[in-house]
Each structure stands twice: as structure tokens, then as C-alpha cells.
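For reference, the structure discussed in these notes is given below.
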Amino acid sequence: MSSMRWSCSGVMHHCMHGGKLASFETGSGWGLTLRDYLLGVLAVPLAGGEAGAGCSLSEVTLDTRADESSFDMRMCDSRKAAEALLEGYEGPPAWKSYFKTLAAGIRNETGILTGKMDLVFARPGADGRERWFIADYKTNRLDPLKPADDAFARYEADRLFDAMAHSHYLLQLLIYTVAWHRHLEQTLTDEDGDGYDYDRDFGGVYYLYIRGMEQGSDRGQFFIKPPRAWVDKLSAAWGSSGSPDGEEAAE
């Protein structure tokens with residue numbers, strides 16, 4: 001499945017639109033093989049998230065999602081951001097260890113970060129209000145740590161943290177969360193005039209290692225809803241906000 005790397009995001013979106021993958025044919029049959037595999041991935045129920053759990057990406061409708069949403073976001077004093085996360089930290093030890101790694105080794109650069117989120121989508125919660133989720137597709141091949149391990153052992157949900165930390169996808173998901181959080185702060189309103197509330201309206205982030213996903217298992221899925229305190233500290237440390245789709249926020 002090495003050819004999955006070249007256009008995973010595009011193929012996923014094409015499959016979600018019901019496309020036939022004509023534009024992804026490789027001349028060796030891989031286009032159809034890739035389509036069939038990814039159609040299966042799209043049907044796998046998502047694990048985690050009060051509103052997202054149990055649904056599959058195949059159920060996400062066109063009017064409740066944004067594909068490859070881009071953003072420009074000011075970044076400054078990233079080392080201070082990592083240090084702020086450690087101040088008074090209460091949470092999983094693995095995350096604390098990762099934040100220490102960032103604080104010790106991150107480059108303290110300032111500038112405009114341009115990013116693109118594979119998928120943002122909304123699902124109704126128990127109260128009928130929409131919860132917003134971010135999903136990112138990964139095609140990384142995670143080889144077994146031991147020869148005796150099952151070929152898919154490293155895709156088990158409780159073993160993905162180390163792979164996420166190694167590739168700094170943990171930092172990536174926090175950046176995505178802050179970017180979409182800022183966007184919702186500026187744009188989300190409702191008829192009741194309640195505005196936006198992170199705890200209520202943001203559902204969380206899925207990182208989907210599609211090589212390991214299959215029906216009847218949460219294998220290949222990493223999910224987290226970063227605590228509001230993390231998001232507030234990062235947003236403050238990184239300075240003024242920017243919005244998805246390249247629109248700089250009003251000052």
C-alpha cells in the first residue's frame with residue numbers, strides 16, 4: 001500500500017464525494033484498489049468524542065464539513081507556550097513528558113504559520129447542537145516493535161501516542177485546535193445569542209492512521225479533545241489570531 005502516500009487526502013475527499021477515482025488511476029490497477037480500501041476506511045465507526053463516536057466519515061454530509069481548510073496564524077514565543085503548558089500541569093504523564101521535550105528543544109521562531117487541515121466536520125450532540133471536529137489522515141507505516149508482534153500491533157489505539165509524539169503530530173493537533181477555536185470564536189453564532197463556547201461546541205480531534213483501520217476495531221484512531229486550559233495558554237502565548245482559509249482576524 002505504499003502508493004497510498006501520494007494522494008491520500010485527495011482520494012479520501014474524492015471517495016467522500018462519491019467519485020469513481022478516474023483521476024487517480026495509476027495504470028497498474030492501484031486506483032481501484034485504493035478506492036476500495038479507502039471506502040472501507042470511510043465506513044469504520046469513529047471512536048471517541050461525545051457527538052462523533054459511532055458515526056463514520058461516510059455519514060458526514062457535504063453541508064457539514066470543510067475539506068482541506070487552510071489557515072494563516074501568527075506564531076511567536078513557542079518555547080514560552082510549551083513552558084506555559086507545564087505551569088501547574090495536571091493531566092496524563094505522557095503529555096507532560098512531551099511538553100517538557102518541546103520546552104527543551106523547540107525553536108523559538110516568530111512568523112506566520114500557514115497550515116491546512118484535512119477535514120473539519122460537525123455532528124449533532126445529545127442536545128441537538130453541533131459539535132465541531134477536526135480529522136487528519138495519516139498513511140505512516142508503523143512497523144512492529146518486536147518480530148513476534150502482530151503486523152498491526154502498533155496501530156492499537158492505546159499505542160499510538162508514541163508515534164504521534166515522535167512525528168510531532170501532538171503539536172500539530174494543538175496548532176489545528178487553536179486555529180479552529182479562533183475561527184469559531186469569530187464566526188459561530190446561534191439564534192439564542194449564546195455565541196461560541198469551546199467546551200460545548202468543539203468536539204475534538206481525530207488522527208486516523210488509515211493503514212491500521214478496520215471494521216469492528218478502534219485500531220488506527222487517535223482521539224483527543226485538548227483541555228480548554230491548554231488551548232487558552234497556547235492561544236495567548238502565540239499572539240494575535242488568524243483564521244482558516246487564509247483570512248487574518250480583525251484586530
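All of the numbers you see were taken from the coordinates with simple rules; none came from a lab. A quick note: this is a predicted structure, and the numbers were derived from the prediction, not measured. When we count neighbours, we look across all protein chains shown, and the Cβ atoms used for this are built from the backbone with ideal geometry, even at glycine.
In this simple spin-label model, placing a label point 7 Å from the Cα along the Cα-to-Cβ direction at both Glu90 and Thr110 gives a separation of 3.4 nm. In this rough spin-label picture, where each label sits 7 Å from Cα along the Cβ direction, the Lys80-Glu156 distance is 4.3 nm.
Among Lys80/Lys233; Lys80/Lys100; Lys96/Lys138, which pairs are too far apart, with a Cα-Cα distance over 18 Å? Pairs exceeding the cut-off: Lys96/Lys138.
Computed from the C-beta positions of Glu50 and Ser167, the FRET efficiency with R₀ = 35 Å rounds to 0.80.
Region 128-187 and region 42-72 have Cα centres lying 14 Å from one another.
Fully extending the segment from Lys100 to Thr189 would add 28.3 nm, taking 0.36 nm per residue of separation and subtracting the current Cα-Cα distance.
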